Amino acid sequence: MQKLNKKKVVKIVAISAGILIVLPLIFILLVNFGAFGKLPTKEALANIEHQRASEIYSADSILIGKFYLNDRQPIPFKNMPKNLKEALIAIEDERFYDHSGTDLKSMFRVALKSVLLGDESSGGGSTITQQLAKNLYPRRERSNNNLVINKVKEMLMANRIETIYTKDEILALYLNTVSFGDNTYGIEAASRKFFNTGTDSLKTEQAAVLVGMLKATYGYNPRVFPEKSRVRRNLVLYNMYRNGFISEQEKDSLTALKLKLNYRDYDHNNGLAPYFREAVRKELLPWCQENEVNLYTDGLKIYTTLNYELQQLAEKNMLSHLENLQIQFEKGHGSNAPWLSNPNLIKKIAKQTLSYKKLKKAGLKEHQIWDSLSVKRPMNLPSYIEDKEVNASTLDSIAHFIKFLNVGSLSVDPNNGAIRSWIGGVNYNYFKYDHVNQSKRQVGSTFKPIVYLAALEQGVQPCDYFSAREVEYENLKGWSPSNSGDKDEAYLNYSMEEALTNSVNTVTVKILEKTGINNVIEQAKKMGIATELPKEPAIALGAGEIKLIEMAKAYSSIANYGKVSQPYFIQNISSVNDSLLYTHKKETTTRTSLSQENAAIIINMMQSVVDRGTAARIRNTYGLSNDIAGKTGTTQNNKDAWFAAITPKLVHITWVGLDQHEIGFSSTAIGQGANAALPVFAKLYKDMNGKPEFDSITKAKFKPLSTALTNKLSCDPIKRDGFLKRLFTNPNKKKKKKFQD
């Protein structure tokens, strides 16, 4: 009976064992044949295609930004250094080259060491190939009931992957697909983000940091948790030593190093030239549609005209100047500042905000809305260098933003129209509006050179004289342009050069009258200004609202001695395989906006503006001795400050003002172009003078004037009225006349 029982027990055990073996096999077969969801076929696994970020490069081939849904740039295996592969294998899959996708020995080890003994250094249970399978086909259902099914699926996919790809190809696929958090995928994107270097240049300690992140991309993020990341890095280095990849001496020296990042966030709102990158994106979208490519997933390489070093210098000097100018601006307004003394202005703007509209929609009464908008809370408010965390209300934030000075600044190569630097505003995170190609502002006296050029083209001579006396135009409702200088100007007759040098308003209007408004508008169009200009005399003083990029085009035609070049910023576009898809075509036809002689004359006049006129700070304050021609501009009520600079190889236009049109500078001393806008160029050019790589620009010279043109300009700058006329003329009495066009 006892023997019978033993046999029975053995039989039961055998059957049970068989069931325990057969059932898992049946379960695995069911998973394999798709009973719990289809597995990818070998064909699908053999044709894996990643979404690839498109990359934007400067003219000197430096990566300045990306367009992507997922930030990823797959790279070939040959670009992955040995230290990176060794770090990955050491911490994630020590037996990678010994298994066929699933490492049972490793799984049992992890179960024993990690789960029972809590030994973190034992690594994970999944092989690199299994992790690759999970990356390629993420688990959609995370409940415990499906954990086993998901694991089995990944094991089966891993085995299929191992039959399709070599071990090196699997490593490359894994490193190109794995997530590093923050929407960053693949080792190349991570390498550039955290260390600003290509994967092929990663140092061993850097590779260990990135590989160490894979266990927990947020928990071991070196930017967020540097100490935890350093400890994890050292664990990776220890495992590299334990596996014989590095020596003990190397391990000790590398673990002693401090964690050093060179973090570059390729988020669209941050980094170098964000306004420029957005302009590139907008320009590319219709081209992509026409050529049936996806800007965000097809891995285009976009090579632009932007000069990386010049852009860096431009942004640095702009912020430095605007920070100081903001102090002058606020001090100038003092306690009478509109954002402090005009609650109606704040309320008017507040009513346009989403916060106000939500409260209004919720049925709150007006006083309740204002009470709610007055509640202070922690928030970040921008400054020129970095954001500041403050306790402020919604109304406080409105007051802060409306007093914030803004800027537009552009550098263009006048010979071909290539844009070299582009600043559309002070802070793209908060101010998306681009003051280079979206904003239209009154241009003030920077329009005067166009008036003078039109006059020269119509036969007015450089040595013709015009009275500076103020005139009241009866047919223009008594409009009487005036000058900001001494009343003695009323007795002076100015040559064209002297009038432009000192930006004499009354003379410019008289030159406009002699030239004809229509001729001036037509001249502006020939020079590249497409904006419709007002047909009124105030156009002479820059009453027209024009885009900054159009002003750059117009001034480039002067610098280019009459030839018009279209500003552009995309040079080439290549596919992910480096096939050329687009290249900028040089203009085959030459458009002439004015004669070479008249362009040379106006350049000479504008050099006088810089040497001894309204832009003399270029010489006196900033000590620039380069060949520079320029023109300042200040609009009515000091709302807009401009400076346009022409050099033989670079045209630079700057606007400074406020987005809130109701607010201007408190005084001309602060808000004039020479003070508010000119320093953006002057500081930049001063820095360029100290860098040999810009010698071709900064050391360039204007063409010398011919003898004939020199003679044309050889006249006294000013002629005075006779003594008797001065004696009996009342300078305060305005002469009345009708404006003739």
(message) Counting only protein heavy atoms and a 1.4 Å probe, tell me what percentage of region 362-474's accessible area is made up of carbon and sulfur.
(response) 45 percent
(message) Within 13 Å, Cβ to Cβ, of Lys432, how many net charges do the neighbouring residues add up to if Lys/Arg are +1 and Asp/Glu are -1?
(response) 0
(request) Whenever you get a sec, compute what percent of the accessible area on region 602-685 sits on carbon and sulfur atoms (1.4 Å probe). (result) 38 percent
(message) Between region 515-538 and region 429-451, what is the separation of their alpha carbon centroids in Å?
(response) 16 Å
(message) Using a probe radius of 1.4 Å on heavy atoms only, what accessible surface per residue do you get for region 200-289? Whole Å² is fine.
(response) 50 Å²
(message) Check which residues have an amide H placed less than 5 Å from Leu658's amide H, if you skip close sequence neighbours.
(response) Asn406
(message) How much accessible area per residue does region 307-460 have, counting only protein heavy atoms and a probe of 1.4 Å, in square angstrom?
(response) 45 Å²
(request) Measure off 7 Å from each Cα along the Cα-to-Cβ vector at Gln51 and His661, then give the distance between these two points in nanometres to one decimal. (result) 4.0 nm
(request) Show the residues, 5+ positions off or on another chain, whose built amide H is closer than 5 Å to the amide H of Lys563. (result) Ser593
(request) Considering Cα pairs under 8 angstrom that are at least six residues apart, work out the relative contact order of region 194-344 and quote it in whole percent. (result) 16 percent
(request) Distance check, please: which entries in Lys639/Lys703; Lys78/Lys301; Lys631/Lys691 exceed 27 angstrom between their Cα atoms? (result) Lys639/Lys703
(request) Using amide H atoms built 1.01 Å from N in the peptide plane, name the residues 5+ places from Asp640, or on other chains, whose amide H lies under 5 Å from its own. (result) Thr635
(request) Report the label-to-label distance for Arg720 and Val576 in nanometres (one decimal), using points 7 Å from each Cα along the Cα→Cβ vector. (result) 7.8 nm
(request) Can you tell me how much longer the chain between Tyr430 and Lys360 gets when fully stretched, taken as 0.36 nm per residue apart minus their C-alpha distance, in nm with one decimal? (result) 22.7 nm
(request) Compute the Cα gyration tensor for region 582-634, then decide on rounded, prolate or oblate, letting a ≥ b ≥ c be the square roots of its eigenvalues: rounded whenever a/c is under 1.5, prolate when a/b is larger than b/c in the other cases, and oblate in all that remain. (result) prolate
(message) Residue by residue through region 162-169, what is 3J(HN,Hα) from phi via Karplus (6.51 cos²θ - 1.76 cosθ + 1.60, θ = phi - 60°)? Round to whole Hz and write x for glycine and proline.
(response) 5, 7, 9, 10, 6, 4, 5, 5
(request) Using only the Cα atoms of region 152-300, build the gyration tensor, take square roots of its eigenvalues as a ≥ b ≥ c, and label the shape rounded, prolate or oblate: rounded if a/c is under 1.5, else prolate if a/b is larger than b/c, else oblate. (result) oblate
(message) Loop only by DSSP, 16 or fewer other Cβ within 10 Å of the Cβ. Give me the chymotrypsin sites (Phe, Trp or Tyr not before Pro) in region 189-252 that pass, ordered by residue number.
(response) Tyr218
(request) Beyond 19 Å, what share of the Cα-Cα pairs of region 324-435 is found? Please give it as a whole percent. (result) 59 percent
(request) Convert each backbone phi in region 300-309 into a coupling constant with the Karplus relation 6.51 cos²θ - 1.76 cosθ + 1.60 (shift: θ = phi - 60°), then list the ³J(HN,Hα) values in order as whole Hz, x for Gly and Pro. (result) 5, 10, 9, 9, 9, 8, 5, 8, 4, 5
(request) Take the Cβ-Cβ distance between Lys514 and Asn196 as r, set R0 to 56 Å, and report the resulting FRET efficiency rounded to the nearest 0.05. (result) 0.45
(message) Given points 7 Å out from each Cα along the Cα-Cβ axis, report the Asn324 to Glu292 separation in nanometres with one decimal.
(response) 5.7 nm
(request) Quick one: give the max-minus-min coordinate of the C-alpha atoms of region 48-97 along each principal axis, largest first, in Å. (result) 44, 25, 16
(request) Work out, step by step, the length gained on full extension between Ser482 and Lys701: first 0.36 nm times the residue separation, then minus their alpha carbon distance; give nm to one decimal. (result) 75.2 nm
(request) With 21 Å as the limit, write out which pairs from Lys448/Lys510; Lys167/Lys260; Lys66/Lys282; Lys440/Lys686 have Cα-Cα distances beyond it, or answer none. (result) Lys167/Lys260; Lys440/Lys686
(request) Please grab the % of Cα pairs in region 498-593 that end up more than 16 Å from each other. (result) 66 percent
(message) Can you give me the accessible area per residue for region 547-587, using a 1.4 Å probe, in Å²?
(response) 44 Å²
(request) Work out the FRET efficiency for Lys167 and Glu248 from their Cβ-Cβ distance, taking R0 = 30 Å, and round it to the nearest 0.05. (result) 0.65
(request) Do me a favour and compute the ellipsoid semi-axes for region 282-352 from its Cα gyration tensor, root of five times each eigenvalue, largest one first, whole Å. (result) 43, 23, 7
(message) Need the full-extension length gain, Ser61 to Ala256, defined as separation in residues times 0.36 nm minus the C-alpha distance. One decimal, nm.
(response) 66.7 nm
(request) Report, to the nearest whole %, how much of the accessible area of region 184-229 belongs to carbon and sulfur atoms, 1.4 Å probe, protein only. (result) 43 percent
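The values are calculated or read from the model by the stated rules, or taken from the named source; none is laboratory data. Since the structure is predicted, the reported quantities are computational estimates derived from the model, not experimental observations. Heads up, the Cβs are rebuilt from the backbone with ideal geometry, glycines too, and the neighbour counts pull from every protein chain shown. Please note that ligands, DNA and RNA were not included when accessible areas were found on the heavy atoms of the full protein model with its side chains. Shrake-Rupley method; radii C 1.70, N 1.55, O 1.52, S 1.80 Å.
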